[in-house]
Every structure is written in structure tokens, then in C-alpha cells.
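The values are calculated or read from the model by the stated rules, or taken from the named source; none is laboratory data. Just so it is clear, the structure is predicted and the values come from calculations on it, not from any experiment. So basically every Cβ, Gly included, is an ideal-geometry build from the backbone, and we count neighbours across all protein chains shown. These area figures cover heavy atoms from the full protein model, side chains too; ligands, DNA and RNA do not enter into them. Shrake-Rupley method; radii C 1.70, N 1.55, O 1.52, S 1.80 Å.
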Amino acid sequence: MSKYLDEYTVGETYVTSGRTVTETDVVIFGTATGDMHPNHFNAQQMEKSAFGQRIVHGMLGISWAHGFLDRTDLITESAIAFMKIEDWNFHGPVFFGDTLHAEITVKEIVPSRSKPDRGILKLFFRLIKQDGTVCQSGTKWIMMKRRRPEIIS
């Protein structure tokens, strides 16, 4: 069930279910975005690279991190708009066949000063592989509705 801005607590953490990266995911993402770079599509070339195999688009990882948030149903009814990505870092590659999930922690809650019915929820994401390796991390800002706008933090 969706939570509203004033129902979150700084430090609370949510762990999502996982999803395995498939060839189809990479082909669809590459085709949709136009990013057909050999790092993602040329297996022979990537066998000779430092990675030893093709890698998944970094932007696909960011997209999945956001999609994992939707799987929690925490913001389905309460989100107004996605506002910003802050300090996103790529720590290591994601490979075809990796299974990813997200760990999402409430970093900051900022009620609006001019519009008491909303505010910004800052969520710190860690995109994690099946072996526990963090491959991406960063903060996303989401404009959220408040359930009780009369409460001023």
C-alpha cells in the first residue's frame, strides 16, 4: 500500500524482489534507446575486453532500480513526479544472466514550504547483484503527496 511523505521515517529500508537480466532485455533497451554499442552487442569483441564478456547498459540498471521501487507499491498512489538523480555511481558491471534487486533507504524527507500538500522524498538506492556486489548506487528525489498536509515538520 502506498505511503505518503509524512508516513516515512529517515533510515527505513526496503529490499525488493529480484530480476534476472536476459538477452531480450538488452536488445529491447538498446533498440528503444538507440544505444547499440559493441559493449552490449558484440560478444566476440567483448571476450577480448577487460570484462571478458558483454555488459548490460548502465542506464538499464538505473531504470530497473526505479522499476524495483514501483514493485514495492510504496509510491504508486502518492508520487507526483520524479525530480532528480543525485550522485549516481557505477561501481561495477552487470552481465547478462545476473540477478539484480534493490535496497532502498529513506535518506531525507523535505516538506514543501510553499505547497503544504507535498514535499520531496530522497531515497538512496543500492542496485545489488546475486552475490551481494553493489553495482550501482545513488539518490533519487521524488515529489510526494502528503496525507496530512496540516502537519508541518
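Per residue, the solvent-accessible area of the chain (1.4 Å probe, heavy atoms of protein chains only, all protein chains present) comes to 53 Å². Summing charges over all other residues whose Cβ lies under 12 Å from the Cβ of Ser137, with Lys and Arg as +1 and Asp and Glu as -1, gives 0. The local environment of His101, defined by Cβ-Cβ distances under 9 Å, has a net charge of +1 under the rule Lys, Arg +1 and Asp, Glu -1.
Normalised by the number of residues in the chain, the mean separation of alpha-carbon contacts (under 8 Å, six or more apart) gives a relative contact order of 31 percent. The relative contact order of segment 79-129, computed from alpha carbon pairs under 8 Å that lie at least 6 residues apart in sequence, is 36 percent.
Between Lys48 and Phe96, what's the calculated FRET efficiency when r is the beta-carbon distance and R0 is 22 Å? Round to 0.05. Once rounded, the FRET efficiency stands at 0.85.
The modelled label-to-label distance for the pair Asp25/Arg113, using points 7 Å beyond Cα in the direction of Cβ, is 4.2 nm. Annotation: peptides 40-50, 57-67, ranked by per-residue average of other Cβ atoms within 10 Å with the highest first, follow the order 57-67, 40-50. Using a probe radius of 1.4 angstrom, the carbon and sulfur fraction of the accessible surface of the chain is 54%.
Helix 58-71 and the longest principal axis of the C-alpha atoms of the chain enclose an angle of approximately 40°. Summarised in one figure, the compactness ratio Rg/Rh of segment 12-77, Cα atoms and Kirkwood Rh, is 1.08.
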